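The values are calculated or read from the model by the stated rules, or taken from the named source; none is laboratory data. As the structure is a computational prediction, the values presented were derived from the model and not from experiment. Don't worry about glycine lacking a Cβ; one is built from the backbone with ideal geometry, like all the others, and counts go over all protein chains shown. The protein model used for the area step is the full one, side chains on, heavy atoms only, and it has no ligands, DNA or RNA in it. Shrake-Rupley method; radii C 1.70, N 1.55, O 1.52, S 1.80 Å.
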Amino acid sequence: MLLSRYPLCGLAMSLMLATLTSQAAGLSSEHKAFGKTNDGTPVEQYVLRNSHGMQATVITYGATLQALEVADKNGKFEDVVLGFDDVQGYQSGTAYFGATIGRFGNRLAKGAFELDGKRFQVPLNDGPNSLHGGPLGFDKKVWKAEPAKSKDSVGVTLTYLSADGEMGFTGNLKTEVTYSLNDKNELRIEYKASTDKPTVLNLTNHSYFNLAGAGNGDVLQQVATLHASHYTPVNGTLIPTGEIAPVASTPMDFTHPTAIGKNIKADHPQLKFAEPKHGGFDFNWVLDAEGDQGKLAADVSDPQSGRRLQLYTTEPGVQFYTSNFLDGSVKGKAGKTYAHWSAFTLETQHYPDAPNQPNFPSTRLDPGKTYTQSTVLKFSAH
């Protein structure tokens, strides 16, 4: 049942504010209002819970993962993703906290690409380039939502129709994102999309993780393993050079468990490109799994809390970003400020600027074809 089907007045408004709960095999979902955008559009919230107490909250603004409650080694739950307590925070924010990114995740050089000899232009919003689909990408849209259940998971499916020409992209694009939670402490994010004209597409989720809890210090002592023996080096505007380079003997080598802060200040030109003042990671790693979701792609753990995040994906790459541009000026959930290096992202994706890089995996989507992607975030504590 969709709350938006109720008239927005009288008793119906009370019903909108009430929660809707479904129970199945120890799993439950709760559906309620999350406020309104500045133009009065209602935003809904879906809270997914499993029998172990893990809880994922998704809002329809930006199809955003707004909160993720995960237990530590002592059974204490903390919200491990950065974000805001109200819609206005997301509307005015520029960090893409938890959002579904589209149409094109990461950067497009000069905001331009060609398809079948025709040039398309996306508005620039990252220096000379476009980032994450332009200034009004999928993260700034209110999606439609419906509960999604299976015998072993509880979830929510969100849909959005991106019109032909929106942000300069071609084709009417139907997009679907499903978040589902199971009793294995796995949060699965699945994407589907189709178009009526040839287009380019690169969807991802932009959650910022801090396994000690959002707003609880930096992530420099948290330990990351990226099962990626190569990455895509960038130029000074963070556009890939086209090279697929080995990580060996560089600070980008996370093939063995490595504290995130160990090499983050290393004197390496790539780190200076990512953040000129202090350095940091903001690169696409080429995953050795090559889209095999049965193989572990990334593994991050927090020695203090014992929380562990394991990532599995059908995508060929992952953007590991260490929140280089957070500076303590952003006040997030529960009034906590988000400081420099206070989180990391694992944005599963095709490679940045792929439409302009012929040796990268293609991001082209044609009519009659279906774009699919699946990413699993598995949590545990030891």
What length, rounded to one decimal in nm, is gained on full extension from SER51 through to GLN91, with 0.36 nm per residue of separation minus their alpha-carbon distance?
-> 11.1 nm
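For the range 195-242, what is the Kirkwood estimate of the hydrodynamic radius, computed as the reciprocal of the mean inverse distance between distinct Cα atoms, to one decimal in Å?
For the range 195-242, inverting the mean 1/r across all distinct Cα pairs yields 15.1 Å.
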Quick one: divide the alpha-carbon radius of gyration of the range 219-292 by 2.2 N^0.38 Å and tell me what you get.
-> 1.06
What FRET efficiency do you get for LYS262 and LEU161 if R0 is 51 Å and r is their Cβ-Cβ distance, rounded to the nearest 0.05?
-> 0.70
Go ahead and collect, in residue order, the members of the range 128-167 whose backbone nitrogen is under 11 Å from a label point 7 Å along the Cα-Cβ direction of LYS174.
-> 160-161
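Can you give me the accessible area per residue for the chain, using a 1.4 Å probe, in Å²?
40 Å²
What is the percent of Cα-Cα separations in the range 286-382 that go past 16 Å?
The share of Cα pairs beyond 16 Å in the range 286-382 comes to 68 percent.
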Sum of side-chain charges, ALA334 neighbourhood, beta-carbon under 15 Å (Lys, Arg +1; Asp, Glu -1) | -2
Compactness of the range 174-263 as Cα Rg over 2.2 N^0.38 Å, two decimals | 1.44
Label-to-label distance, nm, for residues given as ALA339 and ASP327 (7 Å Cα→Cβ offset) = 1.6 nm
Determine how many Å³ per residue the convex hull of the Cα atoms of the range 104-248 encloses.
-> 179 Å³
From phi via Karplus (6.51, -1.76, 1.60), per-residue ³J(HN,Hα) for the range 121-127 in Hz, x at Gly/Pro | 10, 9, x, 7, 9, 8, x
Evaluate the Kirkwood expression for the hydrodynamic radius of the range 127-180, namely the inverse of the mean inverse distance over all pairs of different C-alpha atoms, and round to one decimal in Å.
-> 12.8 Å
If r is the Cβ-Cβ distance from ASP253 to LYS110 and R0 is 25 Å, what FRET efficiency results, to the nearest 0.05?
-> 0.20
State the percent of C-alpha pairs, over all pairs in the range 204-338, separated by a distance greater than 28 angstrom.
-> 15 percent
How much length is gained on full extension from LYS184 to THR237, taking 0.36 nm per residue of separation minus their Cα-Cα distance?
-> 15.0 nm
Nitroxide proxy distance, nm - points 7 Å out along Cα→Cβ at ASP366 and ASP292 | 2.8 nm
What full-extension length gain, to one decimal in nm, is calculated for ASN38 and ARG119 as 0.36 nm per residue of separation minus the Cα-Cα distance?
-> 25.7 nm
So what is Rg over Rh here for the chain, counting just Cα atoms and using Kirkwood for Rh?
-> 0.95
Ratio to report: Rg/Rh of the range 31-102, with Cα atoms as the point set and Rh obtained by the Kirkwood method; give two decimals.
-> 1.01
Using only Cα atoms, locate the centre of the range 155-181 and the centre of the range 321-339, then give the distance between them in Å, rounded to an integer.
-> 28 Å
